[in-house]
1. Restricting to DSSP H runs of at least four residues, report the calculated mean residue ellipticity at 222 nm for the chain, -39500 (n - 2.57) per run over all residues, nearest 500 deg cm²/dmol.
2. Skipping prolines and chain starts, which residues have an amide H placed within reach, meaning under 5 Å, of the one on Leu355, given they are 5 or more residues away or on another chain?
3. 5 Å is the cut-off here: which amide hydrogens, built 1.01 Å from N in the peptide plane, fall below it relative to Ile249, excluding neighbours closer than 5 in sequence?
4. Among Val315, Ala255, Tyr76, whose Cα sits farthest toward the positive end of the charge dipole of the chain (+1 at Cβ of Lys/Arg, -1 at Cβ of Asp/Glu, about the Cα centre)?
5. Just the number, please: percent antiparallel of the DSSP beta bridges in the chain, rounded to the nearest 5.
6. Taking only the alpha-carbon positions of the chain and ignoring solvent, what does the Debye formula give for the base-10 log of I(q)/I(0) at q = 0.06, 0.09, 0.10, 0.14 Å⁻¹?
7. Using θ = phi - 60° and the Karplus relation 6.51 cos²θ - 1.76 cosθ + 1.60, list the HN-Hα couplings for the range 77-92 in order, rounded to whole Hz, with x at every Gly or Pro.
8. Could you state the principal axis extents of the C-alpha atoms in the range 203-286, from the largest down, to the nearest angstrom?
Amino acid sequence: MKSAVILLTALVWVLATAADEPFRPEAGKFPPLEKAHSYRGELVFVDHANRRGSLRVQGTGAFRRNEPHPFALLPYGMVRYHGALADLRDIPLGTVLHVRAFLPPDPKISAVPVLPVDNKEKTSGYGDTGIAPAENHVLLLEDEPSHCLREGLVWKLKEVELTNSEWKIIAGRGSKDDKDEEAREEILTFDAATHIWRGRECLETDDLITEGVWPATGKKSLDGQAVMLGITWKPTPGGVFTRFHISDIWLDDAAMQRSAANQTETHKAFIRSRWMPAWVDAVDYGKFGRATVTATLFGGMDNSLYADFQKDKPVLVNGVENTLKHTEGGTAGPAQMAARGSVLDITKSPGEPPLGSSGIQIRFETDLITEGMRPTRVVRIRPASWPDVHLPREEYLNSGNFSYEDRFPTPDIFPQY
C-alpha cells in the first residue's frame, strides 16, 4: 500500500510538472490538453472579429492592480459559456474565465504580444507572479459553470448574509459526488442584479426572502446547498485584495440545462452564418484547377451541425487566417469567392478525439482549388443547405485590396503597461 501511494504521488508530480512545461503547438496537430498552462482571469477587452482579447489574470496580490494580459484563440480553440460552446462576442466583460493555453505556434504571425518563455515566473512591480504568462494562445476558454460541469464540480453554499451595505455568500467549490469533502471556502458578493435561476424561473433575491429561503437581513446557514455559480469581478470596498462577485446562481440541474440549451442555439445560428472551421489534411491535385481535399472539422459543435455534412451534397469552402477571418472576401463577401464541390465521403475516427477536433474528416472534390486550401491551412466549410447570408465587413478580407496588417492583425492595439 505504501509503495502504491508513493507511486501515485510521483505520477501526480510528473503530470503537474509536464503541464507546467512550456509547450508550442505544431501546425496540423491538435495539442494535448494536459500540456496546457492553466490560469484564471477577468475578461476586460474583446476583439471578436480577430478572436483575441485581454484578461486580468488572478495572481497572489491585489487583483485590481493586475495589468490586462492579451490572449488569442487558437484556430481550433474553444470558448464555452453557460455549459455550451460560444463565441467571444457572447461573453460579457467582467466574466471570470478559466484558461488552458500554450505558447504561440508561430510567433512571427502572433496576433498578440509574444513574451519570454519564462514570463509566468517573473514578478510584477507589486510583487505578484503568474499574471502575464507567455502561454497566451488559448485552446480552452470557459466560464465558471462550464468549468465546473466539465470537471464534475459544484459550488456548496455555506452561509448567506444580507446587510444594508453589502450582500455576501460564503461558499466552496468541490466535487459533486463527495458530500463529505471540505472545499476551501471563500466570500463572494452578490446584489440585486444577480440572476437566480430555478427550473424555468428567473428569480430575484426578494423572491427567496419572501419564500423564507433567505433572510431579509442578517445571516442564515445554507447547509452546503449545491449550486452552479456564474463568477464576475467588481471593484470591492474595504481594500480587499481579491473578492469575486456572483452574476448568476443556478439552483438546480434543470435551470443549468436550460441555459446551456439557449446558448447552444445561439452558437448554432452563429456557425451556420460564419461556416464550420476545419483544417486541411491533404490535397490531391488534378488538372485545370481540380483537386480532392481532405479536411478535419474542428470540435465542440452541436451534433446537428456535423449531421448537415452529407455524402454527395454540395459544400462551399473558403480559406481563412488563424483568426478564422475569411481571406477570400472579394467585394461582396466570402460566398462570392468560395470554392464549390461535392462531398465524396465522411469518416469518423475511433475513440475520443483530442480537444479541438471533432474526429470527423470530410473529403470533397472541387474544380477551383484556391491558395488557402493547402495541407495544415485552416478553412471554413458551409453545406449548401445552410443560409446564404452576407458577413459584416470586419469579418473578411477584401482579396483585391488588403494590407499585411489586415491579414495578420498586429499586437499594436494592446497597450504597454
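1. The helix contribution divided over the chain gives -4500 deg cm²/dmol.
2. Sorted by chain and number, the residues that satisfy this are Leu33.
3. Those lying under 5 Å, H to H, from Ile249 are His195, Ile196, Trp197, Gly230.
4. Going by the Cα projections, it comes out as Val315.
5. Just about 90 percent of them are antiparallel.
6. One equal scatterer on each Cα of the chain leads to -0.29, -0.63, -0.77, -1.31.
7. For the range 77-92, the Karplus-derived couplings read x, 10, 10, 10, 9, 6, x, 9, 5, 8, 9, 4, 5, 7, 9, x Hz, x marking Gly and Pro.
8. 76, 35, 23
The values are calculated or read from the model by the stated rules, or taken from the named source; none is laboratory data. Computed from a prediction, not measured in an experiment: that's the story for all the values here. Here Cβ is always computed from backbone atoms with ideal geometry, including for glycine, and neighbour counts include all displayed protein chains. Protein only, heavy atoms only, side chains kept; ligands, DNA and RNA dropped before computing areas. Shrake-Rupley method; radii C 1.70, N 1.55, O 1.52, S 1.80 Å.
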